[in-house]
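To start, the structure under review is shown below, and the notes come after it.
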Amino acid sequence: MPEPRAITAFAWIATHPWLYPLLEALHVIGIALLLGSLAVLELRVWGFGAALPVAPLARLALPLTLAGFGLAAGTGLTMFISQPGELLANRVFAVKMALLMLAGLNAASFHARGGLQALDRVARAQTLISLGLWGAVIICGRWIAYS
(Lines give C-alpha, C1' and ligand atoms only; values in the text may rest on other atoms or scores of the structure.)
Protein backbone atom coordinates (compact mmCIF):
# COMPACT_ATOMS: atom_id res chain seq x y z
CA MET A 1 0.00 0.00 0.00
CA PRO A 2 1.54 3.38 -0.98
CA GLU A 3 2.26 5.89 1.74
CA PRO A 4 -0.24 8.75 2.00
CA ARG A 5 1.04 12.06 0.67
CA ALA A 6 1.65 14.75 3.22
CA ILE A 7 -0.92 17.49 2.81
CA THR A 8 0.40 20.99 3.29
CA ALA A 9 -1.42 24.28 3.51
CA PHE A 10 -0.10 25.05 0.03
CA ALA A 11 -0.86 21.72 -1.67
CA TRP A 12 -3.67 23.37 -3.63
CA ILE A 13 -1.04 25.25 -5.69
CA ALA A 14 0.13 22.01 -7.36
CA THR A 15 -3.39 21.05 -8.40
CA HIS A 16 -4.69 24.47 -9.42
CA PRO A 17 -5.75 24.39 -13.09
CA TRP A 18 -3.73 27.46 -14.10
CA LEU A 19 -1.57 28.61 -11.15
CA TYR A 20 1.03 25.83 -11.23
CA PRO A 21 1.45 26.00 -15.04
CA LEU A 22 1.79 29.81 -14.72
CA LEU A 23 4.47 29.36 -12.06
CA GLU A 24 6.32 26.93 -14.31
CA ALA A 25 6.16 29.37 -17.23
CA LEU A 26 7.43 32.24 -15.07
CA HIS A 27 10.17 29.95 -13.75
CA VAL A 28 11.33 29.29 -17.31
CA ILE A 29 11.25 33.03 -18.11
CA GLY A 30 13.40 33.66 -15.03
CA ILE A 31 15.88 31.01 -16.14
CA ALA A 32 15.98 32.53 -19.64
CA LEU A 33 16.71 36.00 -18.24
CA LEU A 34 19.35 34.64 -15.90
CA LEU A 35 21.14 32.40 -18.36
CA GLY A 36 20.77 34.64 -21.41
CA SER A 37 22.26 37.72 -19.78
CA LEU A 38 24.90 35.64 -18.01
CA ALA A 39 25.96 33.95 -21.25
CA VAL A 40 26.41 37.29 -23.02
CA LEU A 41 28.63 38.62 -20.23
CA GLU A 42 30.58 35.38 -19.96
CA LEU A 43 31.18 35.33 -23.72
CA ARG A 44 32.61 38.84 -23.34
CA VAL A 45 35.00 37.50 -20.67
CA TRP A 46 36.21 35.06 -23.33
CA GLY A 47 36.91 37.95 -25.71
CA PHE A 48 33.81 37.78 -27.90
CA GLY A 49 32.45 41.22 -28.69
CA ALA A 50 35.75 42.81 -27.66
CA ALA A 51 34.51 46.16 -29.01
CA LEU A 52 31.99 46.22 -26.14
CA PRO A 53 33.52 47.56 -22.93
CA VAL A 54 33.09 45.08 -20.08
CA ALA A 55 31.93 47.55 -17.40
CA PRO A 56 28.90 48.96 -19.27
CA LEU A 57 27.94 45.49 -20.48
CA ALA A 58 28.11 44.22 -16.89
CA ARG A 59 25.95 47.16 -15.71
CA LEU A 60 23.32 46.04 -18.25
CA ALA A 61 23.63 42.26 -17.88
CA LEU A 62 24.05 41.74 -14.14
CA PRO A 63 20.75 43.37 -13.08
CA LEU A 64 18.97 41.19 -15.65
CA THR A 65 20.81 38.15 -14.31
CA LEU A 66 19.76 39.00 -10.76
CA ALA A 67 16.17 39.71 -11.82
CA GLY A 68 16.05 36.37 -13.64
CA PHE A 69 17.46 34.62 -10.60
CA GLY A 70 14.93 36.35 -8.35
CA LEU A 71 12.04 35.34 -10.59
CA ALA A 72 13.27 31.75 -10.88
CA ALA A 73 13.94 31.51 -7.13
CA GLY A 74 10.59 33.03 -6.16
CA THR A 75 8.57 30.81 -8.47
CA GLY A 76 10.69 27.79 -7.55
CA LEU A 77 10.10 28.39 -3.85
CA THR A 78 6.37 28.75 -4.46
CA MET A 79 6.30 25.47 -6.39
CA PHE A 80 8.40 23.84 -3.64
CA ILE A 81 6.00 24.79 -0.84
CA SER A 82 3.18 23.13 -2.75
CA GLN A 83 4.85 19.71 -2.43
CA PRO A 84 7.86 19.87 -0.08
CA GLY A 85 7.68 16.24 1.03
CA GLU A 86 7.85 14.89 -2.51
CA LEU A 87 10.66 17.22 -3.52
CA LEU A 88 12.76 16.66 -0.40
CA ALA A 89 12.51 12.91 -1.02
CA ASN A 90 13.61 13.34 -4.64
CA ARG A 91 17.36 12.75 -5.08
CA VAL A 92 17.46 14.82 -8.29
CA PHE A 93 15.99 17.79 -6.40
CA ALA A 94 18.79 17.46 -3.82
CA VAL A 95 21.37 17.42 -6.62
CA LYS A 96 19.74 20.51 -8.18
CA MET A 97 19.93 22.39 -4.86
CA ALA A 98 23.60 21.42 -4.44
CA LEU A 99 24.36 22.61 -7.97
CA LEU A 100 22.56 25.90 -7.29
CA MET A 101 24.71 26.40 -4.21
CA LEU A 102 27.88 25.67 -6.20
CA ALA A 103 26.79 28.11 -8.92
CA GLY A 104 26.25 30.79 -6.29
CA LEU A 105 29.63 30.13 -4.68
CA ASN A 106 31.30 30.24 -8.07
CA ALA A 107 29.63 33.59 -8.87
CA ALA A 108 30.59 35.02 -5.47
CA SER A 109 34.18 33.88 -5.96
CA PHE A 110 34.27 35.31 -9.51
CA HIS A 111 33.13 38.74 -8.35
CA ALA A 112 35.13 38.71 -5.09
CA ARG A 113 38.37 38.18 -6.99
CA GLY A 114 37.49 40.83 -9.61
CA GLY A 115 36.98 38.45 -12.51
CA LEU A 116 35.38 41.16 -14.67
CA GLN A 117 38.43 43.34 -14.25
CA ALA A 118 41.02 40.57 -14.52
CA LEU A 119 39.59 38.78 -17.59
CA ASP A 120 42.28 36.16 -17.02
CA ARG A 121 42.43 32.37 -17.31
CA VAL A 122 40.86 31.91 -13.89
CA ALA A 123 37.95 34.18 -14.88
CA ARG A 124 37.48 32.23 -18.12
CA ALA A 125 37.58 28.92 -16.22
CA GLN A 126 34.98 30.24 -13.78
CA THR A 127 32.69 31.23 -16.65
CA LEU A 128 32.92 27.70 -18.07
CA ILE A 129 32.15 26.30 -14.64
CA SER A 130 29.24 28.74 -14.36
CA LEU A 131 27.64 27.75 -17.64
CA GLY A 132 28.20 24.09 -16.88
CA LEU A 133 26.61 24.38 -13.45
CA TRP A 134 23.61 26.33 -14.74
CA GLY A 135 23.15 23.83 -17.55
CA ALA A 136 23.20 21.00 -15.02
CA VAL A 137 20.69 22.87 -12.83
CA ILE A 138 18.32 23.14 -15.80
CA ILE A 139 18.75 19.45 -16.65
CA CYS A 140 18.03 18.46 -13.04
CA GLY A 141 15.00 20.74 -12.96
CA ARG A 142 13.49 18.98 -15.93
CA TRP A 143 14.56 15.57 -14.63
CA ILE A 144 12.69 16.10 -11.34
CA ALA A 145 9.39 15.67 -13.18
CA TYR A 146 10.46 12.22 -14.37
CA SER A 147 11.97 10.82 -11.19
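The values are calculated or read from the model by the stated rules, or taken from the named source; none is laboratory data. All figures in this text were calculated on a predicted structure; none of them were measured in a lab. Heads up, the Cβs are rebuilt from the backbone with ideal geometry, glycines too, and the neighbour counts pull from every protein chain shown. What goes into the accessible areas is simple: the full protein's heavy atoms, side chains included, and nothing from ligands, DNA or RNA. Shrake-Rupley method; radii C 1.70, N 1.55, O 1.52, S 1.80 Å.
Points worth noting:
- Verdict on GLY141 being open to solvent by less than 30 Å² (accessible area, probe 1.4 Å), assigned to a helix (DSSP H, G or I), modelled with pLDDT of 95 or more and under 20 Å from PRO21 (Cβ atoms): yes
- So SER109, is it open to solvent by 50 Å² or more (accessible area, probe 1.4 Å) and of a type in the set (Ser, Thr, Tyr): yes
- One residue from LEU116, LEU87 being in contact (Cβ under 8 Å) with a residue 12 or more places away in the chain and closer than 22 Å to ALA39 by Cβ: LEU116
To keep it simple, each residue is scored yes or no on (1) part of a helix (DSSP H, G or I); (2) surrounded by 15 or more Cβ atoms within 10 Å (Cβ to Cβ); (3) touching a helix residue (DSSP H, G or I) at 6+ places or on another chain (Cβ under 9 Å); (4) at pLDDT 95 or above.
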{"position": "GLU3", "(1), (2), (3), (4)": "no, no, no, no"}
{"position": "THR8", "(1), (2), (3), (4)": "no, no, yes, no"}
{"position": "ALA14", "(1), (2), (3), (4)": "yes, yes, yes, no"}
{"position": "LEU23", "(1), (2), (3), (4)": "yes, yes, yes, yes"}
{"position": "ILE29", "(1), (2), (3), (4)": "yes, no, yes, yes"}
{"position": "ALA32", "(1), (2), (3), (4)": "yes, no, yes, yes"}
{"position": "GLY36", "(1), (2), (3), (4)": "yes, no, yes, yes"}
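- Some residue of segment 66-83 being more than 20 Å from ALA25 (Cβ to Cβ) and open to solvent by less than 30 Å² (accessible area, probe 1.4 Å): no
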